[in-house]
Amino acid sequence: MKVLTLNVCGIRASQKKGLFNWLKKIKPDLICLQEVRALEDQISSDDFKINGYNRYMSVAEKKGYSGVCIYTKETPKSINVSFGSKIFTKEGRFIELELKKINVISVYFPSGSSSEIRQDMKYQFMSKFESYLKKIQKKNKTILICGDWNIAHKEIEIKNWKANKKNSGFLPEERKWIDRIINHYGCIDAFRNINKDPHNYTWWSNRGRAWDNNVGWRIDYQMLSSTKNIKVLAANIYKKERFSDHSPLIIDYDI
């Protein structure tokens, strides 16, 4: 099973950069996208369709903002667009599909970089999401959480970690929270499960020459609730083409 996650930074913009032509070539089993920034009727054309797949979305009330979706070949048993927060449901940051062998989530954590208010909102999101993870633990089924977490967990996940210790996305509280998600709830970072190498990033600032010099952050994850019924086979960050300021994280599983 091949799973892809990508923050598209606007699905219409990424489509113009060739994203969907590329997706049709590589044909992942599951495609999780974040920051879609579009309503259903804005992406109803064939340009955004992939033969054999259905698309399921959670959109923001605010037009041109946030939004997540999942493309899948399998018809889900159920669809959930809330993890217990009305505030964040309105922002279209979460969707979960119940599939036959696995539940898959596409999630877009808030960024706190613009203001203290947004950082507080980010902490609220993290708290609500942690409560949801407690429920996940009780399910006798593998849950795959894909998306832009807007947090670089360890120093290895960010090029200039010393200069960013006081910046949103690499704050001690944020990093400790991911520690807790892994240590207390048994979540597994699928990429790091098999790849321990540095300089593997998924996001680069548009400022300066961050992309050219690989001055990036790895803030996009595929987190497993457990590896009881699933094995990570291969992991890849695709960088041959650019569809957004993030790069696709692609992981192959045996389930």
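The values are calculated or read from the model by the stated rules, or taken from the named source; none is laboratory data. Computed from a predicted model, the values in this text were never measured in an experiment. All Cβ positions, even for glycine, are placed from backbone atoms using ideal geometry, and neighbour counts span all protein chains on display. The protein model used for the area step is the full one, side chains on, heavy atoms only, and it has no ligands, DNA or RNA in it. Shrake-Rupley method; radii C 1.70, N 1.55, O 1.52, S 1.80 Å.
The stretch between Asn164 and Asp46, if pulled fully straight at 0.36 nm per residue, gains 38.3 nm over its current Cα-Cα span.
Using the Cβ of Leu39 as centre and a radius below 13 Å, the other residues enclosed give a net charge of +2, where K and R count +1 and D and E count -1. As a fraction of the 1.4 Å probe accessible area of the range 159-205, surface on carbon and sulfur atoms comes out at 48 percent. Here Lys134 is the anchor, and the lysines within straight C-alpha reach of less than 18 Å, apart from those fewer than 8 places off in the same chain, are Lys176, Lys228.
Bridgeable aspartates and glutamates around Lys165 (alpha carbons under 19 Å apart, same-chain partners fewer than 8 residues away excluded): Glu116, Asp120, Glu155, Glu157, Glu173, Glu174, Asp179, Asp220. Once each of the GluC sites (Glu not before Pro) sitting in a DSSP loop with at most 15 other beta-carbon atoms within 10 Å is removed, the chain keeps 75-240 as its longest stretch. When a/c is below 1.5 the answer is rounded, else prolate if a/b is larger than b/c, else oblate, so apply that to the range 72-113 with a ≥ b ≥ c taken from the square roots of the Cα gyration tensor eigenvalues. It comes out prolate by the Cα gyration axes.
With contacts taken as Cα pairs under 8 Å at a separation of at least 6 residues, the range 55-134 carries a relative contact order of 25 percent.
Classify the range 51-144: rounded, prolate or oblate, from the alpha-carbon gyration tensor (a ≥ b ≥ c, eigenvalue square roots; a/c under 1.5 rounded; otherwise prolate if a/b is larger than b/c)? It is oblate, given that a/c is not under 1.5 and a/b is not larger than b/c.
Here the range 25-44 is scanned for amide nitrogen atoms under 20 Å from the site 7 Å beyond the Cα of Lys231 along Cα-to-Cβ, giving 29. Looking at the range 137-210, the chymotrypsin sites (Phe, Trp or Tyr not before Pro) that sit in a DSSP loop and have at most 16 other Cβ atoms within 10 Å of their own Cβ are Trp161.
Placing pseudo-labels 7 Å out from each Cα toward the beta carbon at His199 and Asp120 gives an inter-label distance of 4.2 nm. For the chain, Cys9, Cys69, Cys187 have no disulfide-compatible partner, since no other Cys C-beta lies under 4.7 Å from theirs.
Where only DSSP H runs of four or more residues are counted, the chain gives -7000 deg cm²/dmol as its mean residue ellipticity at 222 nm, each run worth -39500 (n - 2.57). Shape class of the range 6-98 from the Cα gyration tensor (axes a ≥ b ≥ c, square roots of the eigenvalues): oblate, since a/c reaches 1.5 or more and a/b does not exceed b/c. Panel values: the chain, Kirkwood radius from alpha carbon pairs, Stokes-Einstein at 25 °C and 0.890 mPa s, translational diffusion coefficient 134 µm²/s. Checked against a 30 Å cut-off, the cross-linked pairs Lys17/Lys166; Lys62/Lys154; Lys25/Lys90; Lys2/Lys196; Lys16/Lys139 give Cα-Cα distances beyond that limit for Lys17/Lys166; Lys62/Lys154; Lys25/Lys90; Lys16/Lys139.
The mean sequence separation of alpha-carbon pairs under 8 Å and at least six residues apart, normalised by the residue count of the chain, gives a relative contact order of 20 percent. Taking every protein chain into account, the accessible area of the chain amounts to 47 square angstrom per residue (probe 1.4 Å).
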